[in-house]
Amino acid sequence: MSPRSRERRAGAVQSTNDSSALSKSSLAAHGYVLDPFAALLVPGTARRAPLIHRGYYVRARAVGHCLRAFLERTCAAPSALRPQILSLGAGSDSLYFRLKSAGHLAGAAVWEVDFPDVARRKAERIQDTPELCALTGPFQTRASALCFESVDYRLLGVDLRQLSRLDQALAAAGLNAAAPTLLLAEVVLTYLEPKDAAALIAWAAQRFPDAIFVTYEQMRPHDAFGQVMQQHFRQLSSPLHGLDRFPDVEAQKHRFLQAGWTACCAVDMNEFYRCFLPSEECQRVENLEPFDEFEEWHLKCAHYFILAASRGDTLFKTLVFPPSEVFPRIDPASPSGVFPASVVTSDREGSNLKRYGHASVLLNRNIILSAGGFGEQEGRHCRVSKFHLLSRYGDFEWKSNQIGSCETGAQWDGRLYHTMTRLSDTEVLVLGGRLSPVTPALGILQLGISKSKDNTTKDLNVTITKVDPEDSTLSCWRHSTTEVSYDNQKYLFVYGGRSVVEPVLSDWHFLHTGTMAWVNIPVVGEAPEGRHSHSACSWQGGALIAGGLGASEEPLSSVLFLKPISCGFLWESIIIQPPITPRYSHTAHVLNGKLLLVGGVWIHSSSVPGVTVIDLTTGLSSEYQIDTTCVPWPLMLHNHTSILLPEEQQLLLLGGGGNCFSFGTYLNPHTVTLGLSSLHAGQ
């Protein structure tokens with residue numbers, strides 16, 4: 001890399017510090033962490049989204065967990081040497097000021113290193129802020145690498161790629177390599193070229209005989225979310241390095257052990273959040289702001305890890321992340337087969353069904369109607385108001401187009417996470433949904449589809465009728481609606497979901513489709529735990545409920561059958577072997593006595609969800625991978641819908657995607673078909 005290129009890249013990396021500092025300031029302003037200093041160290045303010053807040057919160061708590069373990073260990077161990085914290089690539093972080101104000105630096109000191117321009121700006125900011133100077137005590141500022149110096153705080157401007165200069169500057173600033181030292185690198189190594197990162201890790205192992213190296217970084221670059229994450233940083237001219245060589249936690253641990261560290265432990269952020277934070281603290285955080293981006297939250301946490309490598313007499317046995325049985329790894333079984341994926345024929349140049357949180361219904365074997373959700377419309381991202389029709393021409397070709405609702409009737413209200421049920425070829429019922437995380441979509445909508453004179457789909461119209469505008473029975477979303485039978489009558493079984501008041505619901509309702517009246521039907525047996533974002537499909541007159549997100553935002557693995565009996569319905573649990581990985585935000589269908597769970601999000605495995613197949617007679621489960629060789633990558637299989645075409649042994653996947661943390665919104669660009677013939681052949 002040329003010197004000019006290195007300089008440009010350094011500037012791009014420095015800009016990520018400014019964005020991160022604003023996020024940390026917003027995090028503190030909204031009550032996630034106690035940090036009155038973050039806002040003092042960054043010019044300006046920015047209101048970040050709840051998803052960003054959660055991401056920065058778990059990062060702050062993970063780093064704090066490691067710092068606390070280090071300080072407790074070194075302060076308890078008798079030593080004449082003062083414990084040291086060396087923050088590499090510290091940016092505008094308020095670490096020193098938080099530790100000093102909380103009384104955690106008695107007998108300890110902090111050194112921070114970053115690019116010279118970043119360090120100088122921070123030194124000036126501290127010097128001009130009385131509240132910060134009050135904590136540092138008497139200080140000196142210099143024009144050399146050491147920009148700011150007080151009795152327990154040193155701020156240095158040195159490029160981390162220049163290790164000999166870094167070593168000299170730290171020694172000149174009073175860092176004692178023999179003292180117990182915690183080295184901290186938050187999203188730093190991944191911005192360095194692999195050879196520079198490797199040199200820094202090895203230098204630290206050789207230079208500090210009694211130390212812990214803590215790093216917080218990205219991982220899992222190859223799945224759909226990882227691809228979006230990498231593309232985001234490439235667009236910022238600060239691409240992520242080393243992820244191909246160290247794609248997961250095990251590879252990262254091996255990286256440090258090979259470099260001379262004698263012990264290493266690491267967890268992803270899902271495991272940290274579940275295992276190392278008190279449940280009451282998690283509950284506090286989950287209630288701070290309205291939130292409904294669970295998929296993106298769990299995916300973000302699956303793509304970041306916290307690692308602590310150690311060496312030396314004092315710190316070698318410091319178990320920062322002891323093994324936990326609270327968060328077992330539940331990997332899917334080895335694949336039994338493959339379902340090939342391909343782009344729908346007419347959709348190769350791009351779909352106009354770019355949305356998620358929508359609903360889709362098969363009106364007849366040739367027409368699929370989709371409505372609602374959040375996605376792309378008229379060149380912008382918004383709650384989608386237009387309907388989407390996917391129409392079949394001939395045996396294999398599908399064509400898609402968007403249509404609006406009739407101007408004379410009600411208009412689509414912008415809901416998402418609703419359900420749609422086919423009543424006839426020309427009638428669809430819409431239940432539940434939300435307009436925002438604090439605004440449910442009230443009332444039942446009935447969609448009437450009127451055919452054109454030439455009986456084609458080109459001029460189809462959709463009329464919206466509010467069946468009962470005052471009905472508040474369903475002020476929920478992320479629920480399920482399934483057609484069931486009782487006493488030779490058809491009903492819609494509406495189960496679970498969440499609401500403004502309840503983060504997860506466990507109740508159910510029956511809607512008689514003939515009279516559009518809510519009715520009471522006896523249901524016996526042990527009621528399942530509440531859930532939302534589960535799957536549901538009709539089977540033998542009842543309903544199969546699978547997975548979902550339960551209380552405490554924990555993915556579920558249970559599969560339940562609402563079984564018809566003479567006096568109503570009975571809840572039964574289906575015992576599955578081998579056990580399936582807990583998941584949610586998937587879709588489900590029954591084909592030839594087998595339950596297919598398609599895609600979704602899980603946090604107990606590092607693999608990518610494909611299709612889980614459960615034999616409903618034996619309870620045996622098997623896994624099928626999705627072959628995406630012929631499909632533009634990435635393909636995000638959550639917040640999607642799917643339509644089963646049993647005669648063709650095919651499954652259509654429509655829409656899907658989400659808001660990928662701070663990396664932007666990703667919408668699947670094509671409608672995709674899965675070929676299921678291998679499942680049929682294996683019967």
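When residues in the range 226-262 are screened for being touching a Cys at 6+ places or on another chain (Cβ under 6 Å) and among the aromatic types (F, W, Y), 1 of them pass.
The requirement of being free of Cβ contacts under 8 Å to residues at least 12 places away in the same chain and of a type outside the set (D, E) is fulfilled somewhere in the range 419-428, by at least one residue. Under the condition of being open to solvent by 10 Å² or more (accessible area, probe 1.4 Å) and either modelled with pLDDT under 95 or aliphatic (A, V, I, L, M) (or both), the residues counted in the range 610-623 number 2. Comparison of R274, R220 shows that the only residue that is over 29 Å from P669 (Cβ atoms), assigned by the TED database to the domain that holds L192, touching a residue at least 40 places away in the same chain (Cβ under 8 Å) and of a type in the set (K, R) is R274. Only one of the numbered conditions (1) under 22 Å from H358 (Cα atoms); (2) open to solvent by 20 Å² or more (accessible area, probe 1.4 Å) is violated by P579, and that is (1). Total residues in the range 126-153 satisfying the condition of being open to solvent by 30 Å² or more (accessible area, probe 1.4 Å), within 17 Å of I85 (Cβ to Cβ) and not in a helix (DSSP H, G or I): the figure is 2. Taken over the range 514-551, the criterion of being part of a loop (DSSP other than H, G, I, E, B), among the aliphatic types (A, V, I, L, M) and touching a residue at least 60 places away in the same chain (Cβ under 8 Å) is satisfied by M516 alone. When we screen R234, R207, R220 for residues that are of a type outside the set (S, T, N, Q) and more than 28 Å from P632 (Cβ to Cβ), the only hit is R207. Residues in the range 393-427 that are surrounded by 18 or more Cβ atoms within 10 Å (Cβ to Cβ), farther than 24 Å from T665 by Cα and not aliphatic (A, V, I, L, M): W398, S405, T421. Considering the range 484-513, the residues that are touching a residue at least 40 places away in the same chain (Cβ under 8 Å) and polar (S, T, N, Q) include one that is least open to solvent (accessible area, probe 1.4 Å), namely S499. Residues that are among the polar types (S, T, N, Q) and within 17 Å of I575 (Cα to Cα) were ranked within the range 537-564; the one that is nearest to the chain's Cα centre (by Cα) is S557.
The set of residues in the range 122-145 that are under 22 Å from E186 (Cα atoms) and at pLDDT 95 or above comprises K122, A123, R125, I126. Residue selection: E295 satisfies the criterion of being buried (at least 17 other Cβ atoms within 10 Å of the Cβ), charged (D, E, K, R) and outside the structural domain of I580 (by the TED database).
The values are calculated or read from the model by the stated rules, or taken from the named source; none is laboratory data. Values in this document were obtained by computation on a predicted structure and should not be read as measured data. With ideal geometry, Cβ positions are generated from the backbone for all residues, glycine too; neighbour counts draw on all protein chains shown. Each accessible area value is taken on the protein alone, full model and side chains, heavy atoms only, with ligands, DNA and RNA left out. Shrake-Rupley method; radii C 1.70, N 1.55, O 1.52, S 1.80 Å.
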